[in-house]
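Novice: Here it is, the structure in full.
Just so it is clear, none of the values below were taken in a lab; they were calculated from the coordinates. Bear in mind the structure is a predicted one, so any value in this text is a computation, not a measurement. Positions of Cβ are generated from backbone atoms using ideal geometry, with glycine treated the same way; all protein chains shown enter the neighbour counts.
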Amino acid sequence: MTPELEKGLQELLERQAILDCIHRYCRGVDRMDRQLTLSAYHPDAIDDHGAFIGNPDEFVDWAFGYHFMATIAPNPTRSRLAAISTASRNAQACGRLPLACVYRKRSTN
């Protein structure tokens with residue numbers, strides 16, 4: 001394998017690992033799956049969401065509480081932002097404020 005090909009392959013593997021991490025995070029937050037959400041973080045990570053700054057465990061508690069309240073009492077004026085937009089065959093991840101993203105199953109229509 002040539003050095004250029006090896007370098008390109010390594011970059012693709014690293015990009016896929018990042019994309020997999022984003023998908024784990026999005027699915028974990030959407031499903032309120034604590035372990036899946038935490039799997040997207042390094043153990044010593046600090047999460048800065050503006051309204052929240054803390055470690056991953058504290059963030060998950062905060063985010064799930066917010067997510068739960070937003071689901072029960074939706075705010076029609078809540079702003080939306082497409083911060084992350086990645087697509088796979090069966091699903092799409094896209095951004096939403098104040099949580100980083102949601103994971104939605106694509107419509108079969």
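Novice: For the residues Val60, Val29, what sequence is obtained by ranking on other C-beta atoms within 10 Å, fewest first?
Specialist: With the fewest neighbours first, Val60, Val29 line up as Val60, Val29.
Novice: Evaluate E = 1/(1 + (r/R0)^6) for Glu6 and Tyr66, where r is the Cβ-Cβ distance and R0 equals 35 Å; express this FRET efficiency to the nearest 0.05.
Specialist: About 0.20, to the nearest 0.05.
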